[in-house]
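Q: The structure under discussion is supplied below as structure tokens; questions concerning it will follow.
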Amino acid sequence: MCGIVGYTGNENAAPILLAGLTKLEYRGYDSAGIAVRDLSRDDVAVVKSPGRLLNLIQKTDNGASVPGTCGVGHTRWATHGEPTETNAHPHSSADDDVVGVHNGIIENYQELKEKLLRHGYVFHSETDTEVAVNLVDYYYKKYKIGPIDAIAKAMVRIRGSYALALMFRDLPGEIWVARKDSPMVIGVTENSAFVASDVPAILSYTRQVYYIDNLEMARLTPGHVSFFNLDGDEVFKDLTEITWDAEAAEKGGFEHFMLKEIHEQPRAVRDTLGSYIREGAVDLSATGLTEELLRSLERIYIIGCGSAYHVGVSAKYVLEDMADIPVEVDLASEFRYRDPKIVKNSLVVVISQSGETADTLAALRLAKERGVPVLGIVNVVGSTIARECDYCMYTYAGPEIAVATTKAYSAQLINVYALAIELGRVRGVITEDRCGELISELNALPDKMAKVLENKERIQWFAAKYANARDIFFIGRGVDHAISLEGSLKMKEISYIHSEAYAAGELKHGTISLIEDGTLVIGVLTQNELLEKTVSNMVECKARGAYLMGLTSYGNYNIEDTANFTIYVPKAERHFIGSLAIIPLQLLGYYTGVAKGVDVDKPRNLAKSVTVE
Ligand code: F6R
């Protein structure tokens, strides 16, 4: 996601900030900016530029035109508001007394903004960051308290995730930082101090770092860093020496971006939930969808390509069941050429991580030509699909670098669940009490996902054992069928092993002829009411020599009577359990690819954004 760099010391800050931001480019961004001050001046120079970092480097003559020894820099990956110069960071408080950069998502920024507007604050951007900076300024001035107490008060009011780096006009040479659920590392040398969202940004200056914990603050001055908790008490920390090389550091210590992104899923899901669940209820106001529109719907068409299409298949099961509405799912490349018969009072939902996929975009345009409202479920803010759809429900996965999608897929599922609950509620299919239960189930998902990730060594072992497989079949019914489709795609795209997914009941209508001695068949068995039926289909395969892997939830231990190897995920509400079941399958694909020596982040023949049909 966004990248933060801060420096205070004896050198000119701007070139150091720009060099640090360059090292964070891998995180993805669409604008950049720096704020630098000289100890002799009390104003701060802020320079920002949309687009590539190179624009900012040229605009500042590689930093030479912005003198000063203390500063903060930022690469922004748009979440609130388009990637424009105005929305780029750093942001300043209304009278420029506080300047700051932020990484993360402030869920209650609208409410905080309204409070600040009532107190005469003026806003220039659409960002949640400008709200955070002004909130700190508000407490700083209102109570005439020091930065620690002002920041702590703001932290108590802010809901969501943040890494904040701030400079105060009356505190030259000091950078103040605060953190909750967004990464931040602090480095120190004899004469300088650094802050960054990731180690590579500061690795060429120091390997001595501190890790700031959640809900902590820090004060950076040249050569010195002190830490504080929310009560304002000083906290003492040990320095850690970074031993990784620069390339490993970019991946946060993970071997590949794909593995890093698989591990980022609990965070991606938490951020996405935070944007659509407020005070225990689904809140789709940010998308523009109204209750009237949702209530009037008679049919939903869901369109996407690849994994996004697989989210659509899950969505069909979930939406039809929870909101009692007919749903059709289409591959975008088929929908656009098949003269679809769209009934009146419909909603077309297009799903796309990149927001640029040519076929999905064409399907969106076709729907709009026919006068049908289009909801986009999109990860990249300001992308073409995000701009052209009538309603936009962003996912907050952050930029995906690995070609094979993982965290964006998981965030898309969350949007679908939130939509299903809200549709079910406004259509009177589910009661308010049931909505409350379902929302608690959703909120429990990130921790359960983290638990699934703890089990990865078993999957790694199994992947190594099956890395030479010729064919792998994934089977399941209902939501488990949708998960099988995605598990199979992950397997084939990054391990190059032929794999197919089948609705479990369909296997015996032809495909079972491919099962021979040792063929791996993976049964996805999370839907308890369908479990026995899929187990029967697995037994049919076993009778023909298949080796069986079962994927089910804890408690279903009798699967081991049939399967040769079983993976368990925590129990969860049956419509949402796909969010847990997909993780072992992503890991299985990943570890199989690694065992085969495939370049898993960039598998052959594939592109991250498919802008041709
Ligand atoms: C598979 C994968 C692709 C994409 C598909 C759609 O791992 O990443 O199947 O899901 O190309 O891309 P978006 O979501 O950008 O429209």
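Q: May I ask you to list the GluC sites (Glu not before Pro) in the stretch 438-546 that are in a DSSP loop and have at most 14 other Cβ atoms within 10 Å of their Cβ? Display every interim value, and only then the final one.
A: Working: sites: GLU441, GLU454, GLU457, GLU486, GLU493, GLU500, GLU506, GLU516, GLU529, GLU532, GLU540; in loops: GLU516.
In loop regions of the stretch 438-546 (DSSP not H, G, I, E or B), the sparsely surrounded GluC sites (Glu not before Pro) are GLU516.
Q: Tilt of helix 147-157 relative to the longest C-alpha principal axis of the chain, in degrees (0 to 90, nearest 10)?
A: The answer is roughly 30 degrees.
Q: To the nearest 10 degrees, how steep is helix 578-595 against the longest Cα principal axis of the chain, on a 0 to 90 scale?
A: It is inclined by approximately 90 degrees.
Q: Only loop residues by DSSP count here, and only those with at most 10 other Cβ atoms within 10 Å; note down the GluC sites (Glu not before Pro) in the stretch 88-190 that meet that. Walk me through the intermediate numbers first.
A: Numbers: sites: GLU107, GLU111, GLU114, GLU126, GLU130, GLU174, GLU190; in loops: GLU107, GLU126, GLU174, GLU190.
Listed in order of number, the matching sites are GLU190.
Q: Using the structure shown, list the pairs from LYS48/LYS113; LYS59/LYS153; LYS23/LYS115 with a Cα-Cα distance above 26 Å, or answer none.
A: Values: LYS48/LYS113 23 Å; LYS59/LYS153 37 Å; LYS23/LYS115 37 Å.
In this structure, LYS59/LYS153; LYS23/LYS115 lie more than 26 Å apart at Cα.
Q: Averaged across orientations, what area in nm² does the convex hull of the alpha carbons in the stretch 10-74 project?
A: Numbers: hull surface 15.5 nm².
About 3.9 nm², averaged over all directions.
Q: Using Stokes-Einstein with the Kirkwood hydrodynamic radius over Cα pairs, what translational diffusion coefficient do you get for the stretch 290-428 at 37 °C and a viscosity of 0.692 mPa s, in µm²/s rounded to a whole number? Can you show the working numbers first?
A: Details: Rh = 14.6 Å.
Reported coefficient: 225 µm²/s.
Q: Calculate how steeply helix 528-542 sits against the longest principal axis of the alpha-carbon atoms of the chain, using the helix alpha-carbon long axis, and give the answer as 0 to 90 degrees to the nearest 10.
A: 60 degrees
Q: How far is the Cα center of the stretch 325-396 from the Cα center of the stretch 280-294, in Å?
A: Comparing the Cα centres of the stretch 325-396 and the stretch 280-294, I get a distance of 18 Å.
Q: Under a cut-off of 16 Å between alpha-carbon atoms, report the aspartates and glutamates in cross-link reach of LYS251, not counting same-chain residues fewer than 8 places apart.
A: Leaving aside aspartates and glutamates fewer than 8 places away in the same chain, those within reach of LYS251 are GLU25, ASP198, GLU261, GLU264, GLU400, ASP599, ASP601.
Q: With +1 assigned to the C-beta of every Lys and Arg and -1 to the C-beta of every Asp and Glu, and no other charges, what is the dipole magnitude of the stretch 431-478 about the Cα centre in debye, to the nearest 20? All intermediate terms of the calculation are to be shown ahead of the outcome.
A: Numbers: 8 positive and 8 negative charges, 96 e Å.
For this selection, approximately 460 debye.
Q: Moving on. Would you work out which of ALA246, GLY523, ILE401 lies farthest towards the positive end of the dipole of the chain, given +1 charges on the beta-carbon of Lys and Arg and -1 on that of Asp and Glu, about the Cα centre?
A: It is GLY523, whose Cα lies furthest towards the positive end.
Q: May I ask you to list the lysines whose Cα is less than 18 Å away from that of LYS596, ignoring any residue fewer than eight positions away on the same chain?
A: LYS456, LYS465, LYS490, LYS492
Q: Could you work out the relative contact order of the stretch 293-349, using alpha carbon pairs under 8 angstrom and six or more residues apart, expressed as a whole percent? Please report the intermediate quantities before stating the final value.
A: On the way: 71 pairs, mean separation 30.1, N = 57.
The normalised contact order for the stretch 293-349 reaches 53 percent.
Q: Among LEU585, HIS575, ALA607, which residue has its Cα positioned farthest towards the positive end of the charge dipole of the stretch 524-613, with +1 placed on the Cβ of Lys and Arg, -1 on the Cβ of Asp and Glu, and the dipole taken about the Cα centre?
A: Positive-end residue among those listed: ALA607.
Q: Can you pull out the trypsin sites (Lys or Arg not before Pro) in the stretch 305-358 that DSSP calls coil and that have at most 14 other Cβ atoms within 10 Å? Don't jump to the answer; show the numbers that get you there.
A: On the way: sites: LYS316, ARG336, ARG338, LYS341, LYS344; in loops: ARG336, ARG338, LYS341, LYS344.
Filter output for the stretch 305-358: ARG338, LYS341, LYS344.
Q: Further question on the same structure: Using just the helices of the chain, give the 222 nm mean residue ellipticity in deg cm²/dmol: DSSP H runs with n ≥ 4 each add -39,500 (n - 2.57), and the total is spread over all residues, rounded to 500. Walk me through the numbers before you get to the answer.
A: Details: 19 runs with 227 residues, N = 613.
Calculated mean residue ellipticity at 222 nm is -11500 deg cm²/dmol.
Q: Given a cut-off of under 8 Å on Cα pairs at least six residues apart, what relative contact order in percent is computed for the chain? Write out the running numbers ahead of the final one.
A: Details: 1397 pairs, mean separation 65.9, N = 613.
So the answer I get is 11 percent.
Q: Compute the separation of the alpha-carbon centres of the stretch 4-63 and the stretch 498-543 and state it in Å as a whole number.
A: Distance between centres, Cα-based: 56 Å.
Q: Along the charge dipole of the chain, Cβ charges K/R +1 and D/E -1, which of THR206, LEU24, MET184 sits furthest on the positive end?
A: Positive-most Cα among the choices belongs to LEU24.
Q: Let's see if you can work this out: charge +1 on each Lys and Arg Cβ, -1 on each Asp and Glu Cβ, no other charges. What is the dipole magnitude of the stretch 553-612 about its Cα centre, in debye to the nearest 20?
A: Working: 6 positive and 5 negative charges, 58 e Å.
Rounded to the nearest 20 debye, it is 280 debye.
Q: Now, a different point. Can you tell me the FRET efficiency between LEU117 and LEU239 if r is taken as the Cβ-Cβ distance and R0 is 35 Å, rounded to the nearest 0.05? Numbers along the way, then the final one.
A: On the way: r = 43 Å, r/R0 = 1.23.
That gives a FRET efficiency of 0.25.
Q: Taking θ = phi - 60°, what integer Hz values does the Karplus form 6.51 cos²θ - 1.76 cosθ + 1.60 yield along the stretch 79-86, in sequence order, with x for Gly and Pro?
A: Going residue by residue, I get 10, 10, x, 5, x, 9, 5, 5 Hz, with x marking Gly and Pro.
Q: Can you give the translational diffusion coefficient of the chain in µm²/s, computed by Stokes-Einstein from the Kirkwood radius over Cα pairs at 10 °C and 1.306 mPa s? Could you put the intermediate results ahead of the total?
A: Values: Rh = 25.4 Å.
After rounding, the answer is 63 µm²/s.
Q: May I pose another question? What is the distance in Å between the Cα centroid of the stretch 212-277 and that of the stretch 101-139?
A: Cα centres, the stretch 212-277 to the stretch 101-139: 23 Å.
Q: Place a +1 charge on the Cβ of each Lys and Arg in the stretch 337-436 and a -1 charge on the Cβ of each Asp and Glu, then give the dipole magnitude about the Cα centre in debye, rounded to the nearest 20. Don't skip to the answer; put the middle values down first.
A: Working: 11 positive and 10 negative charges, 59 e Å.
Dipole about the Cα centre, nearest 20: 280 debye.
Laboratory data are not the source of any read-out in this text; all were calculated from the coordinates shown. What you see is a predicted model, and the numbers here were worked out from it, not measured in a lab. All Cβ positions, glycine included, derive from the backbone under ideal geometry; neighbour counts span all protein chains shown.
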